[in-house]
1. Just checking, which of 98, 167 is more than 30 Å from residue 56 (Cβ to Cβ) and either out of contact with any Cys (no Cβ under 9 Å at 6 or more places or on another chain) or assigned to a helix (DSSP H, G or I) (or both)?
2. Identify all residues within segment 73-116 that are charged (D, E, K, R) and either closer than 23 Å to residue 323 by Cβ or surrounded by fewer than 18 Cβ atoms within 10 Å (Cβ to Cβ) (or both); write none if there are none.
3. Taking the conditions exactly as written (of a type outside the set (Lys, Arg), crowded, with 18+ Cβ neighbours inside 10 Å, at pLDDT 95 or above and not in a helix (DSSP H, G or I)), does residue 265 satisfy them or not?
4. From the list 269, 238, pick out the single residue that is touching a Phe, Trp or Tyr at 6+ places or on another chain (Cβ under 8 Å), among the acidic types (Asp, Glu) and under 27 Å from residue 85 (Cβ atoms).
5. Would you point out the residue of segment 138-193, among those that are touching a Phe, Trp or Tyr at 6+ places or on another chain (Cβ under 9 Å) and aromatic (Phe, Trp, Tyr), that is surrounded by the fewest Cβ atoms within 10 Å (Cβ to Cβ)?
6. Mind listing just one residue for me: the one in segment 268-287 that is in a helix (DSSP H, G or I) and either acidic (Asp, Glu) or touching a residue at least 60 places away in the same chain (Cβ under 8 Å) (or both) and, of those, surrounded by the fewest Cβ atoms within 10 Å (Cβ to Cβ)?
7. Show the residue pairs that are 6+ apart or on different chains and have beta-carbon atoms under 7 Å apart, the first residue being within segment 288-301 and β-branched (Val, Ile, Thr), the second being not in a helix (DSSP H, G or I).
Amino acid sequence: MTDFAAAMPDSAAREDVPAPPSRITTLDIVRGVAVMGILAMNIVAFSMPFQAYMNPTAYGLESQADLGSWLFSFVFIDGKMRGLFSFLFGASTLLVIQQARAAGESPARIHYARMFWLLIFGLLHFYFIWFGDILTMYALTGLILFFFRNLSVRKLILWGIALLLVQTTLMAGGAWEVQQLAAAMAGPHPDPEIVAGWQNFHQAFGRPTGQELARNMTLFLGSWDGLVQQRLIVQGLEPFTGAKFFIAETLAYMLFGMAALKSGFFRGEWSVARYRKWALIGFAIAIPVYAVIAWLLIRADFSVPAVFALSLGATTPFRPFMIVAIAATIILLTRKGGWLVDRIAAAGRAAFTNYLGTSLVMTTLFYGYGLGWYGHLSRIQLWLPVVGAWILMLLWSKPWLDRFNYGPFEWLWRSLARARFQPMRKRTSSTSSA
């Protein structure tokens, strides 16, 4: 990633260079694609037993079309949209810090107030709406992110690479543990601790038994208060305990996002040739690797050790190349603007509302207190509600933002973080980034 580092010398990549007050359209466009794309993977967790998110044979694999849908998602969506979202979070966080400094406000106060309220939003989202929340992870990671704000592009990238090595090592250790447990389970009379350890991994990555599936269906097709009790009592600490497994990777992506903003990548300032170069490099490295990993997973019949080692572990070093390639491609394809690009950018400006709104809509569609579609659609059929949600995002975001400064949840977050109501209705054509 030397192009990123070469784009700006150390002395010019500091926080004391204020960002312009206007919005960065390129950032909004990429964020719009990311918030739409993340639903294409999250839809599996909304609609099926959680094991199906990592293991397609766990549920919803009924045809070759379903397998093709999994393959496309695995190569181009799984982890990439989450990663792109994390890149963008890092960039946006740096932008808010720079703007606070330029306005004479305390960057630390603004930043930590935002992270505090983001944590509250995340916990409310997790306990009362959907267990797949990512906001809590971002808030916790953001507590650390602030200390990297003044680093140069080169140092941000080096820190990111180091954190990815930590994540890769962590995943390799987990893969070794799963392999050892599988080997012990194949022997006679495995130790009860071995059995318990294996069951934990199997419940997360294996095919659910009939009894497990029945319990799952009963829970998600049951009442809202039953789901809330499950999250509060059984999964109460999960937002915090789960963070330790992915915080290194998440922080790495946020640092890469800061570097991408400081280098001009997310500002749309690079040349067409330079964006094209990074798109080609990223795809040339990552697509063949993901294709081989997918082939190995199919060949292993998605066994638990294979799913953990390949889906979680082997993809870690290569995912950033795909994320950068996707971001560069989005920027290239949208440089000339147009009505669709304007609507995607608006969806990105209201990404927080679109993210939370998606959870409200999808849980209403799939859970028992709503329409009860849970477990009824195969993988290929899930694209119907996904595309429907995309259309809704594109339809509402621009008209709303033509009249108002913020999306509803963006306004609430900003008002809470600044401890005063922010002006909602537009009075001038200029808006500030948040």
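The values are calculated or read from the model by the stated rules, or taken from the named source; none is laboratory data. Here the structure is a predicted model, which is why all the values come from computation and not from measurement. Counting neighbours? That spans all protein chains shown, and the Cβs are built from the backbone with ideal geometry, glycine included.
1. 98
2. 78, 80, 82, 105, 109
3. Against the criterion (of a type outside the set (Lys, Arg), crowded, with 18+ Cβ neighbours inside 10 Å, at pLDDT 95 or above and not in a helix (DSSP H, G or I)), residue 265 qualifies.
4. The conditions single out 238.
5. 146
6. Only one residue tops the list, namely 272.
7. Close Cβ pairs (under 7 Å, with a partner that is not in a helix (DSSP H, G or I)) amount to 289/318; 293/315.
Let's see how each residue does on (1) aromatic (Phe, Trp, Tyr); (2) in contact with an Asp or Glu (Cβ under 8 Å, 6 or more places away or on another chain):
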residue	(1), (2)
130	yes, no
144	no, no
149	no, yes
154	no, yes
172	no, no
181	no, no
190	no, no
197	no, yes
